[in-house]
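The values are calculated or read from the model by the stated rules, or taken from the named source; none is laboratory data. This is a predicted model, so every value here is computed, not measured. Neighbour counts run over all protein chains shown; Cβ positions are idealised from the backbone, glycine included.
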Amino acid sequence: MTERFQQLVSWLNTCKFLENTDYTQPEPASNDASFRRYYRISVTPLSGPSFTVIIMDAPPEHEDCEPFVRIATQLSKMGLTVPDVLEQDLKQGFLLLKDLGNETYLSCLTESSAEALYRDALQALVTLQVKGKEEAKALPDYSVDLLTTEMNLFTDWLLTKHLDIGLSVSEKQDWFQLQKQLSDSARNQPQTYVHRDYHSRNLMVMSEGNPGILDFQDAVKGPLTYDAVSMLRDCYITWPKEQVVEWQREYFLLLAKANMLSKNDWSGFVKAMDLMGIQRHLKASGIFARLYHRDGKDGYLNDIPTTLNYLFEVGQRYSETQSLVRLLESKVLPAMERGA
């Protein structure tokens, strides 16, 4: 038993929510791509049926629980399904949360279930963007600096660290130009409440109030299409292009109905979403490499090819991204094929 785990067990003994109950020893509940860990306990009250709750362990030297608590409250007031915060200790970095279950979208998505599940998720996303207009104003800004820092994960961790790829002078110039174009596109979109990790591993299948939404603590005010492209061009599951376009159009029509966009904006919306997806997948591929080299988590390496395929496929559609396609063709994809 580690010192941190003992600290967690001792904290549970002080939780008023658990008074007059018996509860089990914490067991690991899920893996996370951050320093956070999650545990589940079964709770048996003096009267009534047993139930389970989740413990978030977020070491305060690495994580801050305050945004999670604050944003959970905001999303709940919007009518979205999030884990209720039952107990909190921000100083120690512990939260006791309502358990939304084990059924992630990723574990439940099939050809037959996808239509209904994505419809719910898209509607929840539009609810967040419409009802979160005022709350978004107080969120951190998805600034050019932040967008650029995220894209640098691609060159710093995937190219340099993982694949041992260097860029020529002209390639560096092309890279800086690409970053500017992608940042400009993101900043020129309507700026809304952005979950920032809205995908199949963070959406839970619920019998009521579907979907349950997790991992929202890094929310920002940012580009309208960011969360939609995170979900529809998911790093963990892919769908036929025609199906993705159909869902994309459904999302667009929901936005138009909510007066977030005009029905005449379709072509510009598609391009903005495509370029937003390129920014996100540059970021994601770099994070997956960093998780391996810095944090020793090798499972995410299997997700890098999906992100690169998105970059290559979508990048071919626009003049602004031809330099990225050339870089992928000449250096990145060959290095991946060699098993570097």
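Values as computed for the structure displayed
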{"item": "Qualifying residue in the stretch 314-332 (condition: in a helix (DSSP H, G or I), assigned by TED's automatic domain parsing to the domain that holds Leu182 and under 20 Å from Ile237 (Cβ atoms))", "result": "yes"}
{"item": "Inter-residue pairs, beta-carbon under 9 Å, first within 15 Å of Leu128 (Cα to Cα) and not assigned by TED's automatic domain parsing to the domain that holds Val194 and in the stretch 224-236, second at pLDDT 95 or above and part of a helix (DSSP H, G or I), 6+ apart", "result": "none"}
{"item": "Of all residues making up the stretch 63-102, the number that are in a loop (DSSP other than H, G, I, E, B), over 17 Å from the mean Cα position of the chain (by Cα) and closer than 24 Å to Met206 by Cα", "result": "7"}
{"item": "Residue list for the stretch 1-24, restricted to those being surrounded by 11 or more Cβ atoms within 10 Å (Cβ to Cβ) and closer than 30 Å to Asp298 by Cα", "result": "Arg4, Phe5, Gln7, Leu8, Val9"}
{"item": "Residue that is nearest to the chain's Cα centre (by Cα) [pool: residues in the stretch 172-224 that are part of a helix (DSSP H, G or I) and among the hydrophobic types (A, V, I, L, M, F, W, C)]", "result": "Ala186"}
{"item": "Total residues in the stretch 154-171, condition in contact with a Leu (Cβ under 7 Å, 6 or more places away or on another chain) and among the aliphatic types (A, V, I, L, M)", "result": "1"}
{"item": "Scope the stretch 203-214; condition without any contact (Cβ under 8 Å) to a residue 24 or more places away in the chain and either crowded, with 20+ Cβ neighbours inside 10 Å or closer than 13 Å to Ala114 by Cα (or both); matching residues", "result": "none"}
{"item": "Residue that is touching an Asp or Glu at 6+ places or on another chain (Cβ under 6 Å), closer than 21 Å to Asp197 by Cβ, of a type in the set (Lys, Arg) and not assigned by TED's automatic domain parsing to the domain that holds Val194, where the choices are Arg70, Arg37", "result": "Arg37"}
{"item": "Some residue of the stretch 262-277 being assigned to a loop (DSSP other than H, G, I, E, B) and surrounded by fewer than 23 Cβ atoms within 10 Å (Cβ to Cβ)", "result": "yes"}
{"item": "Meets criteria (over 29 Å from Pro334 (Cα atoms), within 18 Å of the chain's Cα centre (by Cα) and in a loop (DSSP other than H, G, I, E, B)) for Asp227", "result": "no"}
{"item": "Among (1) assigned to a loop (DSSP other than H, G, I, E, B); (2) closer than 22 Å to Val130 by Cα - the single one Leu254 does not satisfy", "result": "(1)"}
{"item": "Boolean, Thr192 is of a type outside the set (Phe, Trp, Tyr), loosely packed, with under 15 Cβ neighbours inside 10 Å and under 30 Å from Leu75 (Cβ atoms)", "result": "no"}
{"item": "Among the candidates Asp120, Asp89, residue that is in contact (Cβ under 8 Å) with a residue 60 or more places away in the chain, acidic (Asp, Glu) and under 30 Å from Asp295 (Cβ atoms)", "result": "Asp89"}
